[in-house]
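Please read the structure below before turning to the comments.
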Amino acid sequence: MLRSLIRGLVTAAMAASLCGIAWGADIIEPWDPGFSNFELFAVTGDQPGDSVFVSVGGFGLGRGFSIGATVEGRLDGSRRSGLVAMASCSLSPRCDLDLWLESGVQSPQADAELRTLDWGLGAQWRLRLPSCTPYLRASRGGDGQIYWHLLAGVMVPVGEVELHLELSSEEPDAGPWAVHLAVGPNVCLAPDIELQPELSLVRDRRSGDTQWSASVGVVLNPAGMVRRRRD
């Protein structure tokens, strides 16, 4: 039950992480024009079967629109590939709204006959303040069962580090919602290279069990790297 809950949280976070929406704690933001986003993430948990490896490629279309593709693999042999589309707009000089829609195909143990289709859609509100950026996120999706995933976070700049603190939960099959706490100190290694580590805890309020997961990822801006080489 708890392991499936953690996998559900990871899957629900997929829509969010795709959008620079990283698998690490991060704010969803539109990608720059061109091939401006490439991500490699590894996620692990208490059980070997919880380990996930993800690659994301994204293109900015301009005017706040972006599209991307993902490939996910687990140590147990299961795979997932998906597509995502995102639109962002400004509600005021400091306030932004981000919307996304994604869908993917899962193949447990790489068995084509067991493929299932999943989907997700969501919205994020963020407020850019001088000292921090709070954000709220809600997504809905499913792969046979439909779930809600709610998240509240804040990004606080600490020197060269963007420290993300997030509290989230996913709608369970029954009983009280679990509590998911995540900390992500994102570090800019170079103008177009960012390291995104995350440590998170999931508390099952029904059983009282607590499990952890960790992820680390590298996010590149290929278009920016090419421009800098030309300059």
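Computed values, structure above
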{"quantity": "From Gly141, Gly184, Gly153, Gly159, residue being out of contact with any strand residue (DSSP E or B) (no Cβ under 8 Å at 6 or more places or on another chain) and among the small types (Gly, Ala, Ser)", "calculated": "Gly159"}
{"quantity": "Selected residue (only one of Ala190, Ala152, Ala138 is over 24 Å from Ser81 (Cα atoms), modelled with pLDDT under 95 and small (Gly, Ala, Ser))", "calculated": "Ala190"}
{"quantity": "Residue count for region 84-131, restricted to those that are under 22 Å from Pro33 (Cα atoms) and β-branched (Val, Ile, Thr)", "calculated": "1"}
{"quantity": "All positions within region 104-135 that are assigned to a strand (DSSP E or B) and either modelled with pLDDT of 95 or more or of a type in the set (A, V, I, L, M) (or both)", "calculated": "Val105, Leu117, Leu121, Ala123, Gln124, Trp125, Arg126, Leu127, Thr133, Pro134, Tyr135"}
{"quantity": "The listed residue being out of contact with any Gly (no Cβ under 8 Å at 6 or more places or on another chain) and touching a residue at least 12 places away in the same chain (Cβ under 8 Å), out of Val156, Val84", "calculated": "Val156"}
{"quantity": "Restricting region 57-75 to residues that are among the charged types (D, E, K, R) and touching a strand residue (DSSP E or B) at 6+ places or on another chain (Cβ under 8 Å), the residue that is nearest to Pro33 (Cα to Cα)", "calculated": "Glu72"}
{"quantity": "Residue check for Leu151: open to solvent by 70 Å² or more (accessible area, probe 1.4 Å) and part of a strand (DSSP E or B)", "calculated": "no"}
{"quantity": "Tabulated pairs, region 118-131, first over 29 Å from Gly82 (Cβ atoms) and open to solvent by 90 Å² or more (accessible area, probe 1.4 Å), second assigned to a strand (DSSP E or B) and of a type in the set (Lys, Arg), C-beta under 8 angstrom, 6+ apart or interchain", "calculated": "none"}
{"quantity": "Criterion (assigned to a loop (DSSP other than H, G, I, E, B) and open to solvent by 70 Å² or more (accessible area, probe 1.4 Å)) met by exactly one of Arg228, Arg205", "calculated": "Arg205"}
{"quantity": "Residue tally, condition surrounded by 12 or more Cβ atoms within 10 Å (Cβ to Cβ) and free of Cβ contacts under 8 Å to residues at least 60 places away in the same chain, over region 102-117", "calculated": "9"}
{"quantity": "Test: Leu181 is without any contact (Cβ under 8 Å) to a residue 24 or more places away in the chain, open to solvent by 50 Å² or more (accessible area, probe 1.4 Å) and closer than 19 Å to Gly24 by Cα", "calculated": "yes"}
{"quantity": "Output for region 39-79, where each listed residue is closer than 19 Å to Ser103 by Cα, touching a Pro at 6+ places or on another chain (Cβ under 9 Å), modelled with pLDDT under 95 and open to solvent by 60 Å² or more (accessible area, probe 1.4 Å)", "calculated": "Arg79"}
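Residue-by-condition table, conditions (1) more than 14 Å from the chain's Cα centre (by Cα); (2) part of a strand (DSSP E or B):
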{"site": "Glu102", "(1), (2)": "no, yes"}
{"site": "Ala138", "(1), (2)": "no, yes"}
{"site": "His164", "(1), (2)": "no, yes"}
{"site": "Trp177", "(1), (2)": "yes, no"}
{"site": "Ala182", "(1), (2)": "no, yes"}
{"site": "Pro185", "(1), (2)": "yes, yes"}
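The values are calculated or read from the model by the stated rules, or taken from the named source; none is laboratory data. Worth saying up front: this structure is predicted, and the values here are computed from it rather than measured. Cβ coordinates were reconstructed from backbone atoms using ideal geometry, including for glycine residues, and neighbour counts include every protein chain displayed. Note: areas computed on protein heavy atoms with side chains; ligands, DNA, RNA excluded. Shrake-Rupley method; radii C 1.70, N 1.55, O 1.52, S 1.80 Å.
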